[in-house]
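Visitor: Pasting a structure here, questions to come.
The values are calculated or read from the model by the stated rules, or taken from the named source; none is laboratory data. Given the structure is predicted, the values throughout are model-derived calculations rather than measurements. All Cβ positions, even for glycine, are placed from backbone atoms using ideal geometry, and neighbour counts span all protein chains on display. The accessibility values were calculated without ligands, DNA or RNA, using every heavy atom of the protein model including side chains. Shrake-Rupley method; radii C 1.70, N 1.55, O 1.52, S 1.80 Å.
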Amino acid sequence: MTTAALTVLAVGLLLLIAAAQVRRRARASAGSLPTTSEDLHAEIAAELARNGDVAAIRLYRQRTGASLVDAKAAVDRIGRQQP
């Protein structure tokens, strides 16, 4: 490999590492997170009622760091518990 190719590869890897650290820090310092599972449940239920499934799933993922599949399943469970 040429020096230019190695440089591009190294910069790309550093950018990926930096992006992962930024995401991790953003999740760790995500403002006013619910303190209990009941608070989280209430917040997700309210978001579900206000803005629908997609917004509730997005909020659940932001608050918990869950995968898309896990967040969808959790929001579905919360939605079934609503009157």
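Visitor: Within the stretch 50-83, restricting attention to residues that are over 27 Å from ARG25 (Cβ atoms) and in contact with a helix residue (DSSP H, G or I) (Cβ under 9 Å, 6 or more places away or on another chain), which residue is least open to solvent (accessible area, probe 1.4 Å)?
Guide: Among them, the one singled out is ILE78.
Visitor: Could you list all residues from the stretch 1-22 that are open to solvent by 100 Å² or more (accessible area, probe 1.4 Å), over 30 Å from GLY65 (Cα atoms) and modelled with pLDDT of 90 or more? Before you say what the answer is, go through the steps one by one.
Guide: First, the residues of the stretch 1-22 that are open to solvent by 100 Å² or more (accessible area, probe 1.4 Å): 1, 3, 8, 14-16.
In the following step, the residues that additionally are over 30 Å from GLY65 (Cα atoms) were identified as 1, 3, 8.
Residues satisfying the conditions are THR3, VAL8.
Visitor: Taking the stretch 65-83 as the region of interest, how many residues are in a helix (DSSP H, G or I) and out of contact with any Lys or Arg (no Cβ under 9 Å at 6 or more places or on another chain)?
Guide: Count: 11.
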